[in-house]
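What follows is a set of notes on a single structure, which appears directly below.
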Amino acid sequence: MISFINLLRKTNIFFTVLNKLNMNSKMKKRIISAFLMIIIVLYVPFIVFSHSGRTDSSGGHRDNKNKSGLDSYRYHHGYGPHLHKNGVCPYDTKPECNNSLITASKTVYPTELKITVYPENLFVGDTYNFETEVVPKNAVNKDITYKSRNTDILEVSSSGILIAKKNGVATITCTTSNNISKTFSVKITNVEALSVNITDNALELFIDDTYCLNYVIEPARVTEQNVVWRSSNDAVVSVDSKGRVVAKDIGEAIISITTTNQKTDNIKIVVNPISAETLTIFLDNKKVDNIKIGIDKELLLIAEISPSNTTDKNINWQIDDKSVLRVLDSKKLPIKPGTTKLTATI
C-alpha cells in the first residue's frame, strides 16, 4: 500500500515534469484529470484501512473503542485489521509442501534389447532356451518376437527355444514391440559316432541259414545313423544293407560294419556242413531190413537221407560176401545162393 507522504511526493514530481513538457493547456488538463483519478483509486484503500493511534514496534496498535470489532489490540501491517492468534500472523502462514516431485505419468517404451545368454554352437537335435532383456525394466510392453533366417538348419519357437535340425550356420533375429532388433548366429554340427559294436558273439551257421546281426552306435543320438556292411567272402556268407547274413557254403567269412565317420567293428562267421541224421533203405517204396531174391535177379535199392538238405549225400554201399552179391552200375545183382549183409553209409 502506498503511504500518503509518498503519494504527495510523487504528485509533486508529476507536476514538475508536466510543467516542463511543451504542450497546450488543454492537453495538460486532460493529463491532470487522469492523474487525479489514479490518486483517488490508490488513496481510497489507504483511507479505508487507516486507523487511529500509532503503530507500535510489534506492528500493532491499541483500539480502545474496538472499531474493528476484533479486539482492543489488533494488527494491520499492510493487510486489513486482523489478530495474531498464538502469535502467528495468518498472512505469514505458507501452505505445507512435502517437497516431493510429482511428475505426470507417461508411456515408457523399450529403448534397448539385450541378448544376455545364447549358444554359439549346438549339435543336431539339441534344444536351447536363450535369454533376452528389455531395457528399461519398466517398459510398458516387453513382448519379443523371434525369427530364424534358416529354418531348415535352426528353428526358434515363439517363446525363444532353439531347435537344431541339421549341419550349418543359422541367424536368429529378436525384435521388440517397437521394432528394436538384435541378431545372433549359431553353428550347428552333426553328432559324430564315437563307436559301433556288433553285439552278437562269433557265429556258427549251417548252409542256407540266415541271421540278422545286431549292433549299437554310441552315442545313440548320432546324426548319421547309416552304416555299411561288408563280407570278406561272399561265396561263403553274404550280407545285405540291413545286416542280414546268408550262409552259402562251408567255410569262414568276416562280416564288418562301418559308420559314416569310419568307426568299425566285425564278427567271424563259420559255416558248417549239414550232417545226415538218418539213412533208410527202401525197396519198391517200402522200408526193408531183409530181402530174398533169386539168382541173376536185379535188385534196385533206394537210400533216403534225413535231413533232405544234408550237405554230403554220397552213399557208400558195402557187401560182406561179394561172392553172393555184387554191385553193377549202382545195381545189386545176386550171383549165387547164399546170405550176405549189405550196408549203406554216408
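Taking only the alpha carbons of region 212-303, we obtain Rg and Dmax values of 24.9, 81 Å in that order. In this rough spin-label picture, where each label sits 7 Å from Cα along the Cβ direction, the residue 140-residue 241 distance is 6.2 nm.
Taking all protein chains as present, what is the carbon and sulfur share of the accessible area of region 187-346, in % to the nearest whole number, probe 1.4 Å? Summing carbon and sulfur atoms, their accessible area is 46 percent of the total for region 187-346.
Mind pulling up the Rg/Rh value for region 167-217? Radius of gyration and Kirkwood radius, both on Cα. Over the Cα atoms of region 167-217, Rg/Rh equals 1.51. Residues whose amide H lies under 5 Å from that of residue 346, counting only those 5 or more places away or on a different chain, are 316; hydrogens are built 1.01 Å from N in the peptide plane.
Using the Cβ-Cβ distance between residue 181 and residue 40 with R0 = 56 Å, the FRET efficiency computed as 1/(1 + (r/R0)^6) comes to roughly 0.15. Here's how it looks for residue 150: its modeled amide H is under 5 Å from those of 171, which are all 5 or more places away or on a different chain. Backbone geometry of region 181-190 corresponds, through the Karplus equation with coefficients 6.51, -1.76 and 1.60 at θ = phi - 60°, to 3J(HN,Hα) couplings of 10, 9, 10, 8, 10, 10, 9, 9, 10, 5 Hz, x marking Gly and Pro. How big, on average over all directions, is the shadow cast by the Cα convex hull of region 274-327, in nm²? So the mean shadow area of the Cα hull is 4.5 nm². A viscosity of 0.692 mPa s and a temperature of 37 °C, combined with the Kirkwood radius over Cα pairs in Stokes-Einstein, give a translational diffusion coefficient for region 186-254 of 240 µm²/s.
Each 10 Å bin from zero holds the following percent of Cα-Cα pairs in region 159-289: 11, 26, 17, 14, 12, 9, 6, 3, 2, 1, 0.
Could you report region 163-232's accessible area per residue, 1.4 Å probe, as an integer in Å²?
In whole numbers, region 163-232 has 56 Å² accessible per residue.
For region 116-234, a Kirkwood radius taken over Cα pairs fed into Stokes-Einstein (10 °C, viscosity 1.306 mPa s) yields D = 89 µm²/s.
With a simple spin-label model that places each label point 7 Å from the Cα along the Cα-to-Cβ direction, the separation between residue 284 and residue 194 comes to 7.7 nm.
Here the alpha carbons of region 113-184 define both size measures, Rg and Dmax, at 12.4, 40 Å.
The values are calculated or read from the model by the stated rules, or taken from the named source; none is laboratory data. In this text, all values refer to a predicted model and were calculated from it rather than measured experimentally. Here Cβ is always computed from backbone atoms with ideal geometry, including for glycine, and neighbour counts include all displayed protein chains. Ligands, DNA and RNA are excluded from the accessible area calculation, which covers all protein heavy atoms including side chains. Shrake-Rupley method; radii C 1.70, N 1.55, O 1.52, S 1.80 Å.
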